[in-house]
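Everything below concerns the one structure shown next.
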Ligand code: VG1
Ligand code: CO
């Protein structure tokens with residue numbers, strides 16, 4: 001890249017608060033390489049005034065020229081005292097590149113005052129409590145807010161609830177008050193999100209409260225975007241996401257907190273946070289301006305630093321250590337293999353092109369809905385047969401591609417499809433586990449153990465048994481896997497809810513699952529010559545069933561029921577459990593046992609009780625009932641139904657047909673209709689386990 005004609009660059013400058021912003025004329029917002037002037041790598045540089053926050057911007061396009069940072073030289077004079085409203089009084093006249101020899105002067109003229117996010121306005125009744133190295137910290141008075149209890153995965157409510165004055169701030173402050181200060185003071189926190197509505201405002205609040213509580217540095221994904229697995233890979237922090245729940249002003253917002261080694265905060269912490277939300281009286285907020293999250297770079301405020309980073313690069317680097325990328329690339333570049341990935345306008349939109357297209361050679365048109373949008377394009381970013389219908393129609397359509405996959409809002413879920421074929425998540429984790437050692441370099445020396453959430457089907461159990469591996473059954477929610485991984489007891493795990501992952505990080509990982517499947521298909525076809533018939537997704541699954549038997553599985557969801565009826569149903573079922581005994585007849589099934597699942601963590605001994613009511617029958621069939629912990633309104637009842645079929649001649653049935661008697665039993669035992677008034681499961685979920 002040349003810098004042959006720097007004088008031709010005309011930059012606009014503007015004075016906002018205590019900073020100068022400099023942009024090339026056509027690069028407002030985040031400048032992409034296409035908006036760059038050919039003569040320059042200059043995207044944006046933010047200058048620093050003496051005694052004010054320092055900002056040095058990385059200039060991505062300048063990397064190839066060996067130039068990493070830019071700064072203003074000489075520093076401009078301090079602004080007038082009423083700086084926030086005054087026009088730029090001392091236009092910046094030259095810019096030099098560091099590491100560039102000799103320093104390269106750029107000329108530009110001052111014009112166009114730019115609008116920038118306004119600085120935080122501390123509440124008028126707040127008081128300054130601390131000032132260190134130029135960082136003023138205000139104490140903002142607040143009052144407890146009811147109902148801020150963390151669910152299965154973070155705190156989720158309607159956007160309308162979160163935007164209430166201190167709703168989010170209270171929870172964030174309660175969180176800092178719950179942690180030992182040595183865990184975060186002067187420490188590093190990551191801030192990611194799925195790009196949904198309200199993330200931008202939320203990010204600024206979180207940054208200020210983190211600074212107010214003494215955090216040393218925040219790493220933020222550009223535009224506040226970073227997937228749940230990428231945040232986990234970076235060792236944890238905040239994720240602004242309500243995951244698969246829809247987004248937009250009328251829908252959901254959420255926040256998750258991942259703690260040491262990047263795993264979702266355990267209940268011991270989330271319980272403390274909840275306790276603190278009930279007694280909170282002040283929020284510590286740093287009095288700093290909003291940080292521009294649209295450009296990569298570092299901003300210092302006294303001893304607090306915000307660095308805006310590329311959300312993909314470190315995560316991709318990690319994945320490259322897990323998988324055989326050349327093997328996968330070989331598959332994706334075959335003319336007889338067609339691949340399609342649906343990012344559902346959610347966070348994996350930011351990952352799909354760099355990973356699947358740029359790195360692995362998939363064709364650019366193999367990415368569907370690849371631009372993250374605040375409302376997910378009016379969609380429901382939940383990768384299942386109902387909400388990823390566009391993708392499903394393509395795979396089930398005429399001449400469909402060979403492989404299809406989708407991921408959810410925050411990139412931790414996955415759905416795997418073959419041509420005209422759906423892989424149930426419970427089967428998916430079992431098949432990945434059975435093939436991992438051969439097809440995935442990360443597992444080449446063998447697996448440590450396997451685990452699934454309690455309602456997930458027993459397909460994985462059979463793999464653990466055959467491979468003679470440690471096996472664990474944990475409650476619903478990824479937070480229960482982390483301890484086992486940290487203790488070296490667990491390599492691969494999954495949930496029936498489209499979550500699959502391994503101990504490469506401490507979260508489920510949608511892109512990892514897609515790459516795991518591509519690895520299996522690539523490995524099994526590695527010796528196939530062009531023109532030879534390839535082993536397909538459905539071949540792999542059917543072969544697995546033939547070896548291990550098939551666990552028919554289905555989940556029925558009844559969304560947003562009246563809480564009262566749903567709770568009464570659970571009380572009724574608990575009572576039934578307490579009265580039932582082995583040998584009781586339930587239709588044609590004989591009860592082995594019934595209980596309300598309790599889990600004792602084998603690593604730290606912590607106990608999680610009331611994790612789902614199960615009726616387990618003598619032939620291994622199961623019916624499980626639980627209330628969702630991720631909804632934002634009312635109560636969602638989930639019923640899970642499973643039956644094992646060892647006979648290969650009976651493996652090709654529709655799950656709804658195979659499970660019909662057990663489903664009827666599940667509905668009658670629970671008296672679901674009487675308690676909730678629901679005749680049918682919420683329409684969206686009625687079919688997603690039925691397509692095989
Ligand atoms: C659901 C799933 C659970 C998953 C959780 C978070 O929880 O059932 O398996 O771990 O969502 O996934 P619940 O309590 O609604 O059943 V995510 O992608 O929303 O972070
Ligand atoms: Co998710």
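The values are calculated or read from the model by the stated rules, or taken from the named source; none is laboratory data. As the structure is a computational prediction, the values presented were derived from the model and not from experiment. Ideal geometry is used to build each Cβ from the backbone, glycine not excepted, and the neighbour counts take in all protein chains shown.
On the basis of being free of Cβ contacts under 8 Å to residues at least 40 places away in the same chain, over 26 Å from residue 664 (Cα atoms) and either in contact with a helix residue (DSSP H, G or I) (Cβ under 7 Å, 6 or more places away or on another chain) or buried (at least 22 other Cβ atoms within 10 Å of the Cβ) (or both), does residue 480 make the cut? Here the answer is no, as residue 480 does not meet what is asked. Exactly one residue among 354, 383, 364, 401 is away from ligand 1 (no atom under 16 Å from the Cβ) and touching a strand residue (DSSP E or B) at 6+ places or on another chain (Cβ under 8 Å), and that residue is 401. Considering only residues in region 496-524 that are more than 13 Å from ligand 2 (Cβ to nearest atom) and not in a helix (DSSP H, G or I), the one that is farthest from residue 319 (Cα to Cα) turns out to be 496.
Taken over region 305-331, the criterion of being touching a strand residue (DSSP E or B) at 6+ places or on another chain (Cβ under 6 Å) and within 18 Å of residue 510 (Cα to Cα) is satisfied by 311 alone.
Here 377, 411, 330 are screened, and the one residue that is in contact (Cβ under 8 Å) with a residue 60 or more places away in the chain and over 19 Å from residue 521 (Cα atoms) is 411.
Taking the listed residues 237, 254, 247, the one that is buried (at least 24 other Cβ atoms within 10 Å of the Cβ) and away from ligand 2 (no atom under 15 Å from the Cβ) is 237, with no other qualifying. Can you confirm whether residue 433 is within 16 Å of ligand 2 (Cβ to nearest atom), more than 22 Å from residue 236 (Cα to Cα) and surrounded by 24 or more Cβ atoms within 10 Å (Cβ to Cβ)? For residue 433, the condition - within 16 Å of ligand 2 (Cβ to nearest atom), more than 22 Å from residue 236 (Cα to Cα) and surrounded by 24 or more Cβ atoms within 10 Å (Cβ to Cβ) - is not met. Scanning region 530-551 for residues that are without any contact (Cβ under 8 Å) to a residue 24 or more places away in the chain and either within 16 Å of residue 517 (Cα to Cα) or surrounded by 14 or more Cβ atoms within 10 Å (Cβ to Cβ) (or both) gives 535, 539, 543. State all residues of region 365-412 that are in a helix (DSSP H, G or I), within 14 Å of ligand 2 (Cβ to nearest atom) and within 28 Å of residue 535 (Cβ to Cβ); if no residue qualifies, say none. Answer for region 365-412, where residues must be in a helix (DSSP H, G or I), within 14 Å of ligand 2 (Cβ to nearest atom) and within 28 Å of residue 535 (Cβ to Cβ): there is none. Quick test of your reading of the structure: residue 207 fulfils all but one of (1) more than 15 Å from ligand 2 (Cβ to nearest atom); (2) over 24 Å from residue 302 (Cα atoms); (3) modelled with pLDDT of 95 or more; (4) outside any loop (DSSP other than H, G, I, E, B). Name the failing condition by number. Only one criterion is unmet by residue 207, namely (2).
State whether one or more residues within region 415-426 are in contact (Cβ under 8 Å) with a residue 40 or more places away in the chain, within 16 Å of ligand 1 (Cβ to nearest atom), assigned to a strand (DSSP E or B) and under 23 Å from the mean Cα position of the chain (by Cα). The answer is yes; a qualifying residue exists.
Condition (residue is touching a helix residue (DSSP H, G or I) at 6+ places or on another chain (Cβ under 6 Å) and farther than 19 Å from residue 269 by Cα) applied to region 175-182: is it met by at least one residue? Checked region 175-182: no residue is touching a helix residue (DSSP H, G or I) at 6+ places or on another chain (Cβ under 6 Å) and farther than 19 Å from residue 269 by Cα. You will find that of 656, 643, the residue that is under 30 Å from residue 251 (Cβ atoms), in contact with a strand residue (DSSP E or B) (Cβ under 7 Å, 6 or more places away or on another chain) and away from ligand 1 (no atom under 16 Å from the Cβ) is 656 and no other. Among the residues of region 341-350, some residue qualifies, meaning at least one is more than 16 Å from ligand 1 (Cβ to nearest atom), surrounded by 23 or more Cβ atoms within 10 Å (Cβ to Cβ) and more than 15 Å from the chain's Cα centre (by Cα).
Take the conditions (1) outside any loop (DSSP other than H, G, I, E, B); (2) touching a helix residue (DSSP H, G or I) at 6+ places or on another chain (Cβ under 7 Å); (3) within 15 Å of ligand 2 (Cβ to nearest atom); (4) more than 24 Å from residue 601 (Cα to Cα); residue 232 misses just one of them, which is (4).
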